[in-house]
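S.K.: I am attaching a structure below and will ask some questions about it afterwards.
None of the figures in this text is laboratory data; all of them are computed from the coordinates on show. None of these values were measured; they are calculated from a predicted model. FYI the Cβ positions are ideal-geometry reconstructions off the backbone, even for glycines, and counts take in every protein chain you see.
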Amino acid sequence: MLGMHRSGTSVVTNLLADLGCDLGGPTIEGQPDNPRGYWEHCDVTGIHEELLRATGRVWSDPWPIADDDFRGAAAELARGRLEEVLRRDMLPHPLWVVKDPRLCRLTRLWQDLIDSLGFEVRVAHTVRAPSAVAQSLLARDGIPPWKSQLLWLRHYLEAEFFSRRYPRTVVQMEDLERRPKAELGRLCGALGLTERLAIGRAQDVAERVFARELVHHHADDREAEQGFVLHPWVARAYACLQDLGGDGEAAARAELDGLRQTLEEADRLLAPDRRSFELELANERTTRLTKTLEHYDQTVTVQRREVDVARQEVAVLREYARAQVEEWMALRAELGRLRDRLGDPSAAAAARVRAAPLGAGTPPARGTRDGALVPSLQLDSVVAELATVRGLVEALCGELQGGFAGLDRRHVELLGRSIDFAARLEERWAALDVELAQTRAELEQVRRALDQVTAGRAQAEVERDQALARSVALLAELESLRVAHATVVEEGRRLAHDFHQTISTRSWRYLAPVRRLWGLVLAATRSGAR
């Protein structure tokens, strides 16, 4: 899948994945600028980025990549790692797709891989209006329109030229918006996937995916057309790309070849000022990284506040759990005291009977032993009262036991939640620290590179001043030569005037025989005659 950044490659790759093309492994997750994901193999994109860094470039570098960069040690290492990824994740599947906008600049890296591994390749070029791409890059990355147009031109000229050896087709995003089903059929026919149209709900997926994704694209395209000045080279390349695959492909190729040669001549012309461009690019990247770092700092500050609030909540939960445990322990102690006070019901009844006074009008009970009198009515009432008390105490014990079990469960639940919450906070905190450290390290690298570019620019300015001084000296010498030339011309004119006057005199005409005789003498002298 070849196409410039922000040109709809994710949309088309999403569709191909729904048709059964395997992506080979873990893909880059979505971000705010592309929430549904990038549909790019993480390892493949990582290898591409490392190779660009090894050659001193990033994806947004508009300068050409020399052929020597694809023959060096960094390119050989990248090819070896890509071959491992292909053998591990791609080749076991009968049908797979590789998508990364950097492929447009790195097609030369893949040609040897394709030849050595011998798998069949089909190429899909996803093309979107350069004005819409420029607007999208300006909104997402702050890239100015002149640079985004140069990037667009560089990506497509290189991708088109180095993919000519493979069967290919062009996917125009505006056509997908207008007629998704028809374009899906054409795309599948060009890629040899016609039989997969009947699998699942591919065409329904196409309408749903394109309807959702292209609303954003269409809005961008309409806004980009307003007040956007398209460079003539870019406009010609865009028109030629739309003619690929049709009757006008030969003429389109010739036109693209001419544009590529013109761009190469411009590269040679601008080569002395490359350091200035690199300095500007480094400044742009430093600005973006500084903004990113500020965003992370703000995020870390917010996260710190959230962590503080969460820790306060954990402290409150722990205090509540401690209070519940203390209440539980107090209730358990109270229950123990009640049990101690209740003791043996029969012993308590006997004690109360022994302590009860004997009434004067109470009739004596029959069947007494040793003359002891027991007030039977009073004893029955005490036993009934004790039974009631015992029932109440047992009910209270059951209620307390249920309350204790509930408190135990609540305590365990609160403790587990606090531990889990604290662990998640610490994990998030550690991830933010790592991300912040990586961003700071990258910013420091960019700053060092910026310092080097600045030093190089100072050297270039010195060389420019020296060249300017030499130019001034040459101009002065040229001026002196011009004055000398004017003097010689004026002297020649004067001599011509004198000669004309001389040959106009009578003496000149009278001496004509003598001059002829003198000429004969000179001729005879040169030939050796006496």
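S.K.: May I ask you to compute the full-extension gain from Arg470 to Arg288, defined as 0.36 nm times their residue separation minus their alpha-carbon distance, rounded to one decimal in nm?
M.R.: In short, 61.5 nm is gained.
S.K.: For a quick check: sort Ser381, Ser136 by the number of other beta carbons within 10 angstrom, fewest at the front.
M.R.: Going from least to most buried by this count: Ser381, Ser136.
S.K.: What is the Cα centroid distance between region 44-64 and region 295-324, reported in whole angstrom?
M.R.: Measuring centre to centre over Cα atoms gives 42 Å.
S.K.: In which sequence would Asp100, Asp297, Asp141, Asp308 go, from the one with the fewest C-beta neighbours within 10 Å to the one with the most?
M.R.: Asp308, Asp297, Asp141, Asp100
S.K.: Arrange the following residues from fewest to most other Cβ atoms within 10 Å of their Cβ: Tyr156, Tyr238, Tyr320.
M.R.: In increasing order of surrounding Cβ atoms, one gets Tyr320, Tyr238, Tyr156.
S.K.: Still on this structure: Can you tell me which lysines have their Cα less than 26 Å from the Cα of Lys181? Leave out same-chain residues fewer than eight positions away.
M.R.: Straight-distance partners of Lys181: Lys99.
S.K.: Whose amide H sits under 5 Å from the amide H of Trp96, counting only residues 5 or more places off or on another chain, with H placed in the peptide plane?
M.R.: Here the answer is Asp22, since their amide H atoms fall under 5 Å of that of Trp96.
S.K.: With r as the distance between the Cβ atoms of Gln501 and Glu479 and R0 = 25 Å, compute the FRET efficiency 1/(1 + (r/R0)^6) and round to 0.05.
M.R.: FRET efficiency, Glu479 to Gln501: 0.15.
S.K.: What nm distance separates the two modelled labels at Arg428 and Arg179, each placed 7 Å from Cα along Cα→Cβ?
M.R.: The modelled label-to-label distance comes out at 5.0 nm.
S.K.: Under 5 Å between amide H atoms, partner at least 5 residues away or on a different chain: which partners does Val123 have, H built in plane at 1.01 Å?
M.R.: For Val123, the qualifying residues are Arg168, Thr169.
S.K.: Still on this structure, I have one more. Give, in nm to one decimal, the length gained when the segment between Glu327 and Gln111 is fully stretched (0.36 nm per residue of separation minus the Cα-Cα distance).
M.R.: 70.1 nm
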